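The values are calculated or read from the model by the stated rules, or taken from the named source; none is laboratory data. For clarity, every value in this text was computed on a predicted model and none was experimentally measured. As a convention, Cβ positions derive from the backbone with ideal geometry for all residues, glycine included, and neighbour counts pool all protein chains shown.
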Amino acid sequence: MSFKAKFGTTALVTGAFCAGIVAGPLVAAWAQEGGRAETYRLLNLFGDVFERVRAEYVEPVQDRDLVENAINGMLTGLDPHSSYLNPRNFRDMQVQTRGEFGGLGIEVTQENGYIKVISPIDDTPAARAGIKPGDLITNLNGTSTQGLTLQEAVDQMRGERGSSLRLTIRREGERTPIELTVVRDVIRPQVVRFRMEGNDVGYVRLSSFNEQTDTALRRAVQTIRSQGGSNLRGIVLDLRNNPGGLLDQAVQVSDDLLEQGEIVSTRARRAEDAQRWNARAGDITGGVPIVVLVNAGSASASEIVAGALQDHRRAIVMGVRSFGKGSVQTVMPLGSNGAIRLTTARYYTPSGRSIQNTGIEPDIEVRASRDDNARQREREADLRRSLRNEGGVAPNAVQLPPLNLPQGVAERVQAEPAENAPAFDPTKPETDFQLQQALTLIRALPPGTTLRRAQR
């Protein structure tokens, strides 16, 4: 049975594991195991309710809708991350995992109710049409984007290759709106974006962990080392607002940056299903200092990478506490009926920490804005029916080795922006306070500094 494990929007794809999940043979197997009359009684109860709703509900309902709702209710009642994926949602998840889809080729955010372009992706329909960073998309096919969620707008911009979409854009410096018609194409999103900050620090942002991430990271680091040469002082690895993704990619990214040691372990319901992953020799950065940026949107696979690098003291983790999703989901296909996503394990950092409901605490706290602490941020612990933190070493009981930074280096980092600091604009890196503090820290380190955990 082949499989892939995934955190966050998770996928461990198995064979026809769940075919006939409510079929007669399964009920018979339960009865043979323990003579469970209660199981029969409960399944009869389900059948009774199904028939009454089907016959008596105020409006006619489709049998498929009733069954799918029942399955989803069964799964969502377990924890926040188990659910049913109908065939369309399952296909969408597979597309996201592969890392390509039909669309325009722009990275966007939301501002004042409109969709704001962060950056067009090179050599895509959006870039060829002349869309620029900072453009506000006010209408899609003549319909206002106000009132749409960011995801709803993204869904409208995606579509079949060769289909067209009319965009109305407001651009700074232009007195009248710009009308563009863009023909969709196959897009391979830049899950890894990188650049040099000055001539001495590399910046790498991972937006998710799909099948393209590790290869793209290696290419990015190779380019940064080539451009920086002997001037390269360090690398900022930005995992902020990265919701997670494939486990094997999180392991490979961690392995790329570690010389040895455990990366992550998982423990399931049965002890024999526990797994452990270890790093192989070879650090693609050449050992330069790394600062990892995290925030409340850094979840799951992002926390695996941050936790592994933190436990081994390979990187300095900076920002604010991460989301705290320490569970593993398995996506089990149901033939032509979609799939179920089921929580099957918890994961643990190399020191044995479970970050479930607690998250990764940064080594150096840096808030994005002065009201960052006051703003309510939803994390795993705020979700209904979130799993308990158990089975590992309590995060506050783990004594990690000290950072051992040169005297005065950490003190150069400011915890929050000045009162008159400009508001953050994703199109202007100089307004990114957390990034600027990471650059300050790296540049304060003596040339040749290597972050490594002392061997004992």
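Quick notes on this one:
- Being in contact (Cβ under 8 Å) with a residue 12 or more places away in the chain, touching a Leu at 6+ places or on another chain (Cβ under 7 Å), closer than 23 Å to residue 450 by Cβ and surrounded by 20 or more Cβ atoms within 10 Å (Cβ to Cβ) holds for only one residue in 258, 293, and it is 293.
- Filter pass, residue 211 being at pLDDT below 95, of a type in the set (Asp, Glu) and either closer than 23 Å to residue 101 by Cβ or not in a helix (DSSP H, G or I) (or both): yes
- When region 87-107 is filtered for residues that are surrounded by fewer than 21 Cβ atoms within 10 Å (Cβ to Cβ) and touching a helix residue (DSSP H, G or I) at 6+ places or on another chain (Cβ under 6 Å), only 101 remains.
- The listed residues are 185, 135, 155, and the only one of them that is under 27 Å from residue 295 (Cα atoms), buried (at least 16 other Cβ atoms within 10 Å of the Cβ) and of a type in the set (Asp, Glu) turns out to be 135.
- Of the residues in region 275-283, not one is in contact (Cβ under 8 Å) with a residue 40 or more places away in the chain and aromatic (Phe, Trp, Tyr).
- The single condition among (1) modelled with pLDDT of 95 or more; (2) closer than 26 Å to residue 359 by Cβ; (3) among the polar types (S, T, N, Q) that residue 226 does not meet is (2).
- Strands (runs of 3 or more DSSP E) fully within region 93-201 that include at least 1 residues being under 19 Å from residue 425 (Cβ atoms) and over 24 Å from the mean Cα position of the chain (by Cα): 136-140, 164-170, 192-197.
- So residue 423, is it in a helix (DSSP H, G or I), among the aliphatic types (A, V, I, L, M), modelled with pLDDT of 85 or more and out of contact with any Cys (no Cβ under 7 Å at 6 or more places or on another chain): no
- Taken over region 312-321, residues that are part of a loop (DSSP other than H, G, I, E, B) and free of Cβ contacts under 8 Å to residues at least 60 places away in the same chain amount to 2.
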